[in-house]
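To start, the structure itself, in structure tokens.
The values are calculated or read from the model by the stated rules, or taken from the named source; none is laboratory data. For clarity, every value in this text was computed on a predicted model and none was experimentally measured. Cβ placement follows ideal geometry from the backbone for every residue including glycine, while neighbour counts extend to all protein chains displayed. Quick note on the areas: whole protein, heavy atoms, side chains included, nothing else; ligands and nucleic acids left out. Shrake-Rupley method; radii C 1.70, N 1.55, O 1.52, S 1.80 Å.
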2 protein chains.
Amino acid sequence: MTIFVDMDEVIADAYMAHIDIYNQEFNANLQLKDCFGKEAWQCVPVEHQQSIKLHTHRVGFFKDLKVIPDSQEVLRELSQKHEVFIASAAMEFPQSLREKSDWLDEFFPFIPWQKRILCGDKFILKGDLLIDDRSKNLKNFDGRTIMFTSPHNTNTTDFERADTWKDIADKLL
Amino acid sequence: MTIFVDMDEVIADAYMAHIDIYNQEFNANLQLKDCFGKEAWQCVPVEHQQSIKLHTHRVGFFKDLKVIPDSQEVLRELSQKHEVFIASAAMEFPQSLREKSDWLDEFFPFIPWQKRILCGDKFILKGDLLIDDRSKNLKNFDGRTIMFTSPHNTNTTDFERADTWKDIADKLL
């Protein structure tokens, strides 16, 4: 089986990074539970939204992301049984490309360069399963799709869902 | 139609860059006509081969590549009629990722980030046509394949071939 796994919000915790940076720089107390159904920038006052939107353009943003719990263990096991690719729509952020490669070297060294994809539109991926947090990616994929839960997608009901990597393990291992 | 176009040896002249760098640094006179059927490193004395193999790891190598003649004009026209993606197996060279993104910004600005793919194995691409210089990429693609002529592949007879971008225009426009 060929499996594609997204990075941000699936194995790399970009959402929590948005909250942490915002709280620190605006001396605020935004919490994850305030964010269900919304993008991070939609959870703050209008005059602060542009600041959050620019996080992804900062040098170091993607390099410093925390790993989503259990993703390493489950992906290591999955990659022994299946063709596991990481597929990230990273081309929007040129400064992120090297950071994402280095981040994968550090946290997912068992996924070699042959199985890493930095792309834009994901409808060009040919395989059996896509695990992603974005409807726009999942809806155009020819194969099984699993929406990985992130605060911004909690109201979406269109896809099979996994809330955690333990859920993924239950489904696939 | 969804078309994937490789970068090195198809729109970016990596082979000539190998020759130019080698001739300059070894005060040599290697010429393209000496290279048919061989990789660039196979055209020089054994004691020089490692130097050529390391070119692709140098900072700036991919940024400075010349554009393959007529590729801009033909791809601009193709991209008005088809979904044209650039697909480069760049993940092997992390330092190349940003350079390739910047190079595309400079020479192929009409191909937006949504249609750029930096990957490893290309058998995961789903589309109608792959234009590439490497048998290993072409042979695993589900769709029409065109081998773009490069010195290293002149002896291969397994694929439909284009020697120039004018050939591509004749076939597709």
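What the protein assembly as shown shows is 45 Å² of accessible area per residue, with the surface traced by a 1.4 Å probe over protein heavy atoms. Of B:34, B:6, A:13, the order by accessible heavy-atom surface (1.4 Å probe, DNA, RNA and ligands excluded), from most exposed downward, is B:34, A:13, B:6.
Charge tally for residue A:146 (other residues, Cβ to Cβ under 9 Å; Lys, Arg +1; Asp, Glu -1): 0. State log₁₀ I(q)/I(0) for the protein assembly as shown at q = 0.12 Å⁻¹ as given by the Debye formula over alpha-carbon point scatterers of equal weight, solvent excluded. Computed log10 I(q)/I(0) values: -0.91. Report note on the peptides A:57-67, A:99-109: ranked by the mean count of other C-beta atoms within 10 Å, highest first, their order is A:99-109, A:57-67. When its C-alpha radius of gyration is set against 2.2 N^0.38 Å (N residues), chain B gives a value of 1.01. Taking every residue in B:107-117 and counting other chain Cβ atoms within 10 Å of its Cβ, the average works out to 4.
In segment B:14-57, the inverse of the mean reciprocal separation of distinct Cα atoms equals 10.3 Å; this is its Kirkwood hydrodynamic radius.
Per the Debye calculation on segment A:8-89 with a single equal scatterer at every Cα and no solvent contribution, log₁₀ I(q)/I(0) for q = 0.26 Å⁻¹ amounts to -1.33. Of A:26, A:110, A:148, which is the most mobile in a GNM of chain A whose springs link Cα atoms less than 10 angstrom apart? Largest GNM mean-square fluctuation: A:26. Summing both sides, the accessible surface hidden between B and A at a 1.4 Å probe radius is close to 2500 Å². Shielding value for A:91-97 is 6, the average number of Cβ atoms from other chains within 10 Å of each residue's Cβ. Pairs exceeding 18 Å between alpha-carbon atoms, taken from B:38/B:136; A:122/B:66; A:139/B:126; A:171/B:122; A:81/B:126; A:66/B:100: A:122/B:66; A:171/B:122; A:81/B:126; A:66/B:100.
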